[in-house]
Amino acid sequence: MKILVIGSGGREHALVWKLAQSPHAEQIWCAPGNAGIAQERTAKSGQLVECVPIAADDLAKLLAFAQEKKIDLTVVGPDNPLALGIVDLFQQHGLRIWGPNQKAAQFEASKVFSQGFMEQYGIPTARAGTFTDAVSAKKFAESLGGKCAVKADGLALGKGVLVCANMVEAAKAIDEILVTKAFGAAGAQIVIQEYLEGVEISLHALCDGKTAKLFPTSQDHKRALDGDRGLNTGGMGTYSPTPFVTQTQLNEMGRLILGPWLKGCVAEGIDFRGILYPGLILTQHGPRVIEFNARFGDPETQVYLPRLENDLVELLDASASGTLGRVELKWSLLASVCVVMASGGYPGSYAKGKVISGLEEAAKLPNTKVFHAGTAMAGNDIVTNGGRVLGVTAWAADLKSAQTAAYAAVDKIQFEGAQVRRDIAAKAL
Ligand code: AMP
């Protein structure tokens, strides 16, 4: 099978790495990919994965490329091409592609849509309101005592959520999005949710339009600094499974969230084939969904895929074909930990082009994989090329050993200004 993966982050490296292990994968391309992805080989033919310089949101060029290479399966990593309708476009041209279509991708692309859907179909969520004008938005925020999350409706590079502790912050956030238009058209509408206290976890479910199969638990570390301090980031590390949720509780969340979600999808004519990734907060009163994503998490994928025992090509094919009901997801009992190495300054501004050393030594460690995110080649060097640079991942029989192994690999790798949290998975130990 000829496979095209779209995207360039750690998530896409993990996807390519796992797809390349499948006996179905003969040749893999990645658009645009990164320096680590370009080092992967398919197990079947030993061919190197080829990175092609096409941006993940350049739908016309991606379509032309897939047609030219006669790609059998395209796998979409990031949210943006999904929101732009890449799945619909490829299907109109008779190409097989995995991911939700544009209507289904609304769960991530529109927070207003998601909030309305959750309320209509009885999915447990935060008390919330949807607004287009600042005056009524502020009135609602006041009714919550100013403690709230103000969210731009559309995609805003993960920056469209402003968590506020009081009315001064809430008013500023509302003005920033609705009046100053900090997020442009993505902020034409906002959702304001009550602030929820509790442990935050993410769920993943692979869906085929009729069935949703839950993954094990994982936990992300969103803040830049140890002890969950500092600014919100795309994610500084993950581990799986998390002890904060038992299997019984996970099954109960599946019943509470995925049950009504699937019913709602049928009622609305939404054919969701892809990953549904709800973010939730475990409150005193039970789990509450704060958002839906419509793709694999990053860096959650980096800890899930080393634990997945199924052939990923077969799984994604079943998801796209509507035959997931016949498949059982199999997970190893191992624990896995991913520690992100980021550029100094991230999530603010940062320099690029710093030479990365020690990757070869880290690659020699057993049960360890260094997934690349923001990396590129410069001559013979691998250099930094983004905020999150590497996702250093290890797996072992227990979480403590996986954590030790991940940090042992981190300590082999250097680049100027590298920023690493030293407490990934510490909460769970
Ligand atoms: P989102 O992109 O909607 O998940 O929001 C980004 C981050 O803001 C989440 O990971 C939470 O840490 C925080 N957040 C969002 N909504 C809420 C809420 N209703 N209560 C508390 N924290 C929230």
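With the whole protein complex present, Ser45 retains an accessible surface near 60 Å², based on a 1.4 Å probe. Only lysine pairs 8 or more places apart or on separate chains count here, and in region 269-425 those with Cα atoms under 22 Å apart total 9.
Multiplying each eigenvalue of the alpha-carbon gyration tensor of region 308-429 by 5 and taking the square root yields semi-axes of 30, 19, 14 Å, largest first, rounded to whole angstroms.
Considering all C-alpha pairs of the chain, those separated by over 26 Å amount to 54%. Placing unit charges on the Cβ atoms only, positive for Lys and Arg and negative for Asp and Glu, gives the chain a dipole magnitude near 200 debye about its Cα centre.
Computed from the Cβ-Cβ distance with R0 of 25 Å, the FRET efficiency linking Lys69 to Asp271 stands at 0.40. Ellipticity at 222 nm from helices only: DSSP H runs of n ≥ 4 in the chain, each -39500 (n - 2.57), divided by the residue count, give -7500 deg cm²/dmol. Think of the chain as a dipole: +1 on every Lys or Arg Cβ, -1 on every Asp or Glu Cβ, centred on the Cα centre; then among Ala156, Ile174, Gly417, Gly417 lies furthest on the positive end. Distance between the C-alpha centres of region 308-323 and region 66-138: 20 Å, rounded to the whole angstrom. Rounded to the nearest whole Hz, the Karplus-based 3J(HN,Hα) values (6.51 cos²θ - 1.76 cosθ + 1.60, θ = phi - 60°) of region 55-67 follow the sequence 5, 5, 10, 8, 4, 5, 5, 5, 5, 4, 5, 5, 5, with x at glycine and proline. All C-alpha pair distances within region 65-128, sorted into 10 Å bins from zero, spread as 21, 40, 24, 12, 4 percent across the bins.
Simple rule: put +1 on each Lys or Arg Cβ and -1 on each Asp or Glu Cβ in region 2-101, find the dipole, and look at His24, Gly10, Ala35; the Cα lying farthest toward the positive end is His24. Cross-link partners for Lys181 among the lysines, with Cα-Cα distance under 26 Å and sequence neighbours closer than 8 places in the same chain left out: Lys103, Lys111, Lys138, Lys139, Lys147, Lys151, Lys159, Lys172, Lys222. Within the chain, DSSP assigns beta bridges of which about 80% are antiparallel (rounded to the nearest 5).
Would you work out what percent of the accessible area of region 86-234, with all protein chains in place, is carbon or sulfur (probe 1.4 Å)? It is 54 percent, rounded to a whole number.
Skip the ligands, DNA and RNA, and give the accessible area per residue of the chain with a 1.4 Å probe, whole Å².
I get 40 Å² per residue for this part.
Note on region 294-345: along the principal axes its Cα atoms extend 46, 26, 15 Å, ordered by decreasing extent. On the basis of the beta-carbon distance and an R0 of 45 Å, Asp133 and Gln91 show a calculated FRET efficiency of 0.70.
The values are calculated or read from the model by the stated rules, or taken from the named source; none is laboratory data. These numbers come from a predicted model, not from an experiment. Quick reminder, even Gly has a Cβ in these numbers, built from the backbone with ideal geometry, and neighbours come from all protein chains shown. Ligands, DNA and RNA are stripped out before the accessible areas are found, and what is left, the full protein with its side chains, is counted by its heavy atoms. Shrake-Rupley method; radii C 1.70, N 1.55, O 1.52, S 1.80 Å.
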